[in-house]
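One structure is given below, encoded as structure tokens.
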Amino acid sequence: MTTVAAPAVTAAPATGRRPSAARSRVTVNVVMVAMILYFLLPFWWLVVAATKDNDALFSTAALWFHSPGAFLINLQELFTYNDGEYLRWMGNTAVYAGVSGVGATAVATLAGYAFAKYRFPGRNLLFSSLLGAIMVPATALAIPTYLLLSKVALTNTMWAVILPQLLNPFGVYLVRVYVQESLPDELLEAARMDGAGELRVLWSVALPTLKPALVTVLLFSMVGTWNNFFLPLVMLNNDKLYPLTVGLQSWYEGAMIQSGANALFTLVIAGSLVAILPLIVTFLLLQRYWRGGLTVGSLK
Amino acid sequence: MSLLRQQGSTAMAPPSVTPAKGLRTPMAGRRPGGLSASTRHKGMGLLLVSPFLLLFLAFLVAPLAYAFWLSLRTSTLVGGDHFSWFANYQQTFTDPQFLSGVRRVAVFGVVQIPLMLGLALLGALIIDEVSSKLAKVFRMTLFMPYAVPAVIGALMWGFLYSPTFGPVNSISNSLGLGKVDLLGHGLMLTSLGNIVTWQWTGYNMIVLYAALQGLPREVYEAAKLDGAGQLQTALRIKIPMISSALVLTLMFTLIGTLQFFTEPRVLEKTASSVITPDYTPNLYAYNLAFQYSEFNYSAAISFSLGAVVFIGSYFFLFATRKRSGLK
């Protein structure tokens, strides 16, 4: 795809001579446009396909509109199919993402703050195992976690999806770094001098300062949960508890088994579009917080 | 991959740009004199950290310990459940199905990772240098797939690849090139690689871009005065100076690749003769547990995989310590 053109961008030395500078500018722009087109292609296809009925999906050009009116029919079908199970999945996803996200952020804030501002026995050991935990692959944990939760009859419940995702070692790390860099001891000490208790200091002095970091942790853990597939796939076999990812995949499997002779394909497509819209909107609106999370390590 | 990458690929923790800080932080609190509050409130620290500690024990330490214990046992209809020590591991590392999955993921990684990170680095160098409107659109568009669940990414590409109504085939047909079976034996791995590249290039680009933005501008000015062109500045100054971010993105990508699961799982039904139950090690572990109820063996595979990733990343970080500028 675009890789062929790639080396060209750096190949034009900017010696300041006009023609070569202009040429390199053009090359860079061409590379950017080519990459934009490639990365937009699936989104474009999804929007186009969501406006087609099942027949048009199979018989008309894949990348251009055919019967835009079908979009509303598809949506209606999407929200009512099988007693509106899509809406239920959407609700489930919101619950999983909301509860896990808020919970994980709260836990990470307390722990990150404690690591940064208190000394307690086992602190260094725990912090180094936390750094190690970031590297333990989540998928290696899912199956044993499933087996353990099944012993306490928690599998196939919402808790099975929520509880494991409350653990967010990276969030703790992020909060710790942020506290160390933006919350001077003197500030806390001053509040204590004024007679504030430890919890009061945390609540009214530390938390307001930490807000940007908390939003970042919240965003990352909510989106992580929203997008998670493996954990709910392992934990749940009751389709009433599915999140969108597992639900859409089950529709897709159903469509495949019936080899496309039914309306499930249009549902999968419309469902995918509706599922990613809130994410992309949040994403564009909260860009600076995303970048906050990605750059935290390099804060000065 | 998401696995990673993301959990599956998706929930994977984003890397911080300079691991140096992380490794140094445990010491940072040890300022002489700065401990007043900390020493007075030992109990408070423990209290605040306890919810995290509980979760850490319940959902990290316990599953790992349990997986290890399970992996040391064998359960058969005839022989019952008994300790078999490392028999499952012996089986794992001689199991042709497991090994072929490992080989496949290795081939995949060797090709896909350099391609994706190269593209991400190129993009990062561009947006670091160019500040036009187009560059802004470029940055946002490339980052957008990161917001898409890996399942949906794989579904969309699965449709685009489809021999019956995907555009790729109609284009090659109209060009007279005939049918291209993107979901057949020959091209499946390439098609999967394309999905992963689409999903993760922008994320890696932003991480590298953030590192580039953190570099002191004076260095470029000096290089410019010395007559270095943009190419030379990029190759000799920028890339070496962000090597720690490059190392980190490489490590997190490797972790994600080893867990490769979501994309092959989604395309499994579309191309069941190509994506066999042992297509990747993780898919194999999943199918052993949930299709064949071989929990002990599955645990051995999961545990081996986890151990390889864990030990591998520690060694990787250690080996690249000098290069990545960790002090």
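The values are calculated or read from the model by the stated rules, or taken from the named source; none is laboratory data. In this text, all values refer to a predicted model and were calculated from it rather than measured experimentally. Virtual Cβ from ideal backbone geometry, glycine too; neighbours counted across all protein chains shown.
B:Thr201: surrounded by 21 or more Cβ atoms within 10 Å (Cβ to Cβ) and facing chain A (nearest Cβ under 9 Å), yes or no?
yes
What is the residue count in the stretch B:169-202 for residues that are assigned to a loop (DSSP other than H, G, I, E, B) and touching a residue at least 12 places away in the same chain (Cβ under 8 Å)?
We begin by selecting, within the stretch B:169-202, every residue assigned to a loop (DSSP other than H, G, I, E, B); these are B:175-187.
Narrowing further to those that are touching a residue at least 12 places away in the same chain (Cβ under 8 Å): B:179-185.
Within the stretch B:169-202, residues that are assigned to a loop (DSSP other than H, G, I, E, B) and touching a residue at least 12 places away in the same chain (Cβ under 8 Å) number 7.
Go through the stretch B:203-245 and count every residue that is in contact (Cβ under 8 Å) with a residue 24 or more places away in the chain and in a helix (DSSP H, G or I). Selection size over the stretch B:203-245: 19. The number of residues in the stretch B:148-168 that are over 16 Å from A:Ala61 (Cβ atoms), in a helix (DSSP H, G or I) and in contact (Cβ under 8 Å) with a residue 12 or more places away in the chain comes to 8. Which residues, counting only those in the stretch B:209-247, are at the interface with another protein chain (Cβ under 9 Å from one of its Cβ atoms), at pLDDT 85 or above and farther than 16 Å from B:Leu125 by Cα? Within the stretch B:209-247, no residue meets the criteria.
B:Gly153 meets the stated requirement of being among the small types (Gly, Ala, Ser) and either out of contact with any Ser or Thr (no Cβ under 8 Å at 6 or more places or on another chain) or within 24 Å of B:Phe252 (Cα to Cα) (or both).
Is the stretch A:161-177 home to any residue that is farther than 21 Å from A:Leu218 by Cα and not basic (Lys, Arg)? Spell out the reasoning first.
Looking only at the stretch A:161-177, we keep the residues that are farther than 21 Å from A:Leu218 by Cα, and these are none.
Looking for residues that are farther than 21 Å from A:Leu218 by Cα and not basic (Lys, Arg), one finds none in the stretch A:161-177, hence no.
In the stretch A:100-154, which residues are at the interface with chain B (Cβ under 7 Å from one of its Cβ atoms), part of a loop (DSSP other than H, G, I, E, B) and surrounded by fewer than 24 Cβ atoms within 10 Å (Cβ to Cβ)? Answer for the stretch A:100-154, where residues must be at the interface with chain B (Cβ under 7 Å from one of its Cβ atoms), part of a loop (DSSP other than H, G, I, E, B) and surrounded by fewer than 24 Cβ atoms within 10 Å (Cβ to Cβ): A:Arg119, A:Phe120, A:Ile134, A:Met135, A:Val136.
Per-residue answers, yes or no, for (1) aromatic (Phe, Trp, Tyr); (2) surrounded by fewer than 24 Cβ atoms within 10 Å (Cβ to Cβ); (3) in contact with a His (Cβ under 7 Å, 6 or more places away or on another chain):
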position	(1), (2), (3)
B:Phe260	yes, no, no
B:Ala271	no, yes, no
B:Thr276	no, yes, no
B:Phe303	yes, no, no
B:Ile311	no, yes, no
B:Phe315	yes, yes, no
B:Ala319	no, yes, no
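Across the stretch A:215-237, the number of residues qualifying as in contact with a helix residue (DSSP H, G or I) (Cβ under 6 Å, 6 or more places away or on another chain) and assigned to a helix (DSSP H, G or I) comes to 16.
When every residue of the stretch B:156-173 is checked against the conditions, none turns out to be more than 21 Å from B:Lys238 (Cβ to Cβ), in contact with a strand residue (DSSP E or B) (Cβ under 8 Å, 6 or more places away or on another chain) and within 8 Å of chain A (Cβ to nearest Cβ). Return yes or no: is B:Asp95 in contact with a Lys or Arg (Cβ under 7 Å, 6 or more places away or on another chain) and at negative phi? Taking the combined requirement at face value, the residue does not satisfy it. Only a single item in (1) assigned by TED's automatic domain parsing to the domain that holds A:Thr225; (2) of a type in the set (A, V, I, L, M, F, W, C); (3) without any contact (Cβ under 8 Å) to a residue 12 or more places away in the chain is not met by A:Leu78, and it is number (3).
If you scan the stretch B:58-99, which residues turn out to be in a strand (DSSP E or B) and surrounded by fewer than 18 Cβ atoms within 10 Å (Cβ to Cβ)? Before the answer, list the steps.
First, pick out the residues of the stretch B:58-99 that are in a strand (DSSP E or B): B:73-76, B:80-83.
Hits for the stretch B:58-99 are B:Arg73, B:Ser75, B:Thr76, B:Gly80, B:Asp81, B:His82, B:Phe83.
Filtered by the rule that a residue be at the interface with chain A (Cβ under 7 Å from one of its Cβ atoms) and farther than 16 Å from A:Val47 by Cα, the stretch B:141-155 gives B:Leu142, B:Ala147, B:Pro149, B:Ala150, B:Val151.
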